[in-house]
1. Being over 13 Å from the mean Cα position of the chain (by Cα), loosely packed, with under 14 Cβ neighbours inside 10 Å and part of a loop (DSSP other than H, G, I, E, B) narrows it down to one of K32, K51, K122, K56, so name that one.
2. Under 9 Å between Cβ atoms, which residue pairs at least 6 apart in sequence (or on different chains) link something in segment 26-42 that is within 20 Å of K72 (Cβ to Cβ) with a partner that is loosely packed, with under 13 Cβ neighbours inside 10 Å?
3. Which ones in segment 73-86 are surrounded by 17 or more Cβ atoms within 10 Å (Cβ to Cβ) and either over 16 Å from I34 (Cβ atoms) or in contact (Cβ under 8 Å) with a residue 60 or more places away in the chain (or both)?
4. Give segment 67-89 a look and list any residue that's under 15 Å from Q40 (Cα atoms), more than 11 Å from the chain's Cα centre (by Cα) and in a loop (DSSP other than H, G, I, E, B), or say none.
5. Out of S92, S18, I need the residue that is modelled with pLDDT under 95, farther than 16 Å from E125 by Cβ, part of a helix (DSSP H, G or I) and hydroxyl-bearing (S, T, Y). Which one?
6. Checking V39 against (1) in contact with a Lys or Arg (Cβ under 9 Å, 6 or more places away or on another chain); (2) within 17 Å of P123 (Cβ to Cβ), which test does it fail?
7. Which one is farthest from Y50 (Cα to Cα), of the residues in segment 87-108 that are surrounded by 13 or more Cβ atoms within 10 Å (Cβ to Cβ) and either of a type in the set (V, I, T) or in contact with a Gly (Cβ under 7 Å, 6 or more places away or on another chain) (or both)?
Amino acid sequence: MKHILKTVLLFLFAGCVSAQNKTTVNAAEFEKAIQAKDVQLVDVRRPEEYKEGHIKGAVLANWQDQVQFEEKVKGLDKKSPVYVYCLAGVRSNKAADALIKKGFTKVVQLDGGIEAWKAASKPLE
């Protein structure tokens, strides 16, 4: 019985550790963090949304086109941080979960998406 309890606790702990790979930060924290050299910035909105304005340096990986999304994320380094955003946070949350499942070690999403970025008067291209 002790052995089974230890095994169950080990699995629960492992699940908690993996969940910590995904975080959500506000626009100010996101802007500061994406200044680092090894950051990979991913916009998971649709192409027309991206063209209306995106964060400088962001790569488009349309979450709603899974073939295109998969193709774009193949080229990302799983060991370097990935910063992801969408319009309001729904798609980026799903994309972040998918990236974690693919083995990315650190995924950070923009709380409130590009709408929060704009509300904070952050720059767009």
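1. K56 is the lone residue from the list that is over 13 Å from the mean Cα position of the chain (by Cα), loosely packed, with under 14 Cβ neighbours inside 10 Å and part of a loop (DSSP other than H, G, I, E, B).
2. I34/K56; D38/D77; D38/K79; Q40/D77; L41/K56
3. V73
4. G75, L76, D77, K78, K79, S80
5. On the way: S92 fails: modelled with pLDDT under 95.
Within the list S92, S18, the selection yields S18.
6. With (1) in contact with a Lys or Arg (Cβ under 9 Å, 6 or more places away or on another chain); (2) within 17 Å of P123 (Cβ to Cβ) applied to V39, the lone miss is (1).
7. Looking at the filtered set, the residue picked out is T105.
The values are calculated or read from the model by the stated rules, or taken from the named source; none is laboratory data. Just so it is clear, the model here is predicted, and its values are computed rather than measured. Don't worry about glycine lacking a Cβ; one is built from the backbone with ideal geometry, like all the others, and counts go over all protein chains shown.
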